[in-house]
Each structure stands twice: as C-alpha cells, then as structure tokens.
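Step one of this worksheet: look at the structure below.
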Amino acid sequence: MDNKADVLSAVRRHVWAGTYDAEEIAVIVGEEFFPPGRADFDWLRARIEEAFRPKRAEEATWPAVTDCDRLDRVFETLQTQGILVEQDAGLTKSDGLEIVTEAYEAAQADGEGDGIEGYCFYHGQDLERVMGGGDLCLAFGHFSGNKELGVGIGRRIKHALEAAGFAVEWDGSIGTRLLVKGFRWQRRSP
C-alpha cells in the first residue's frame, strides 16, 4: 500500500477527534483512501483498534468534565438561542459555510427554521490545529449576511463561551474569527 502513512494518520486523527466510533472511522477512511470495493477492512479495523487502545487509556486520566464537554454545553445553549452550530464542519471555512447554509435551508424547508438567525462552526483544519495543542477558532455570522447583525452573533457566542469559563480573544469585527485560548482537546470516544 503506497499511502499507508496517510491512512494511519487519518485513522489517528479520527480516533483522537472522538467524533466517530470504530466502524464509522473504517467507512470514512476506507472511502477516502481506497478505490471502491478494494479496501482491506480487516487490516483497517485492526489499525483502528490499535489507535483506540492508547486513547482509551488516556481517557481514564481526563477530568470528569473536559473542555470538549463544556463546549458541547455552550453549543447546546447557542442552539436554543437561534444560533445554528456545526462541529467539524468540512475541512475548510468555505466547506463549513456550505454545511451551515445547507442545514439552515433544510431547517427552513422543514418548518423548523423559525428563530434561527446565525451560525457558529469550526472545521477540520481547526480541529487538527487544536488537537495538536493550542487554540480553537470559531467562525460565525448572521444568515442575512448583515455584518452588524453578524457582529452581534459573535458577541453572543463570546459571552456564552466566557460564561462557561473559556478565555476568548476577538477584535470585535465580522472578519475575524473567535479564538478560544488554551483549549485542551479531550473528546471521549463514542
């Protein structure tokens, strides 16, 4: 296999991200790195299990409530306040914008979009950066595209994060993302 290092890197990222279970990771990585019908799922599942072992051991040492747990609670609160939230939304900011827009349009079509004003997300590159140790960037805005209303969404998100004990840097402009300082990525596996 020519891309073995890339496959193992993707497995490790997905395992430590804590977003997917082992079978979901096998499907995601299998589709990403192998031609249709040619993935060696037995080999892949064994590599995934190898990657889960040290993570499970480390999870046992984590605090009862991690930064990821607190972020989930903040995001749940924001959802009740009309801010659509997506985690690990695509790979780039433009992917994330497309994902939140599609979610907003689907909510509108289902009659569940009343009260949704804005959005907040981080994408795969943000996730990789924070998993490497550091800060978490959050994109935000107002679905109308109005910059002033978008800044208001940013203020609400910043306030909710600070109320949960996070340190947040932001210059108050629509063109700058919120930066959650010193975020420790510790998401328990499903």
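Before moving on, here are some points about what is shown:
- Here I116 qualifies as free of Cβ contacts under 8 Å to residues at least 60 places away in the same chain and not in a helix (DSSP H, G or I).
- Of the residues V7, V15, the single one that is surrounded by 13 or more Cβ atoms within 10 Å (Cβ to Cβ) and under 27 Å from V180 (Cβ atoms) is V15.
- Taken over the stretch 84-113, the criterion of being among the β-branched types (V, I, T) and in a helix (DSSP H, G or I) is satisfied by I99, V100, T101.
- Check on E76, closer than 23 Å to K181 by Cα, surrounded by fewer than 16 Cβ atoms within 10 Å (Cβ to Cβ) and touching a residue at least 40 places away in the same chain (Cβ under 8 Å): no
- Matching residues in the stretch 21-72 - criterion: being among the hydroxyl-bearing types (S, T, Y) and surrounded by 11 or more Cβ atoms within 10 Å (Cβ to Cβ): T66
- Residue match in the stretch 89-112 (condition: assigned by TED's automatic domain parsing to the domain that holds L71 and touching a Lys or Arg at 6+ places or on another chain (Cβ under 9 Å)): yes
- Failed item in (1) closer than 20 Å to V74 by Cβ; (2) assigned by TED's automatic domain parsing to the domain that holds L78, with R188 passing the rest: (2)
- Going through (1) under 30 Å from A106 (Cβ atoms); (2) aliphatic (A, V, I, L, M); (3) outside any helix (DSSP H, G or I) one by one, V29 falls short only on (3).
- Matching option when the condition is modelled with pLDDT under 95, outside any helix (DSSP H, G or I) and of a type outside the set (G, A, S), among P63, P36: P36
- Scope the stretch 104-130; condition touching a Phe, Trp or Tyr at 6+ places or on another chain (Cβ under 7 Å) and modelled with pLDDT of 95 or more; matching residues: Y104, I116, E117, G118, Y119, C120, V130
The values are calculated or read from the model by the stated rules, or taken from the named source; none is laboratory data. Please read these numbers as outputs of a predicted model, since none were measured by experiment. Positions of Cβ are backbone-derived with ideal geometry, glycine not excepted, and every protein chain shown enters the neighbour counts.
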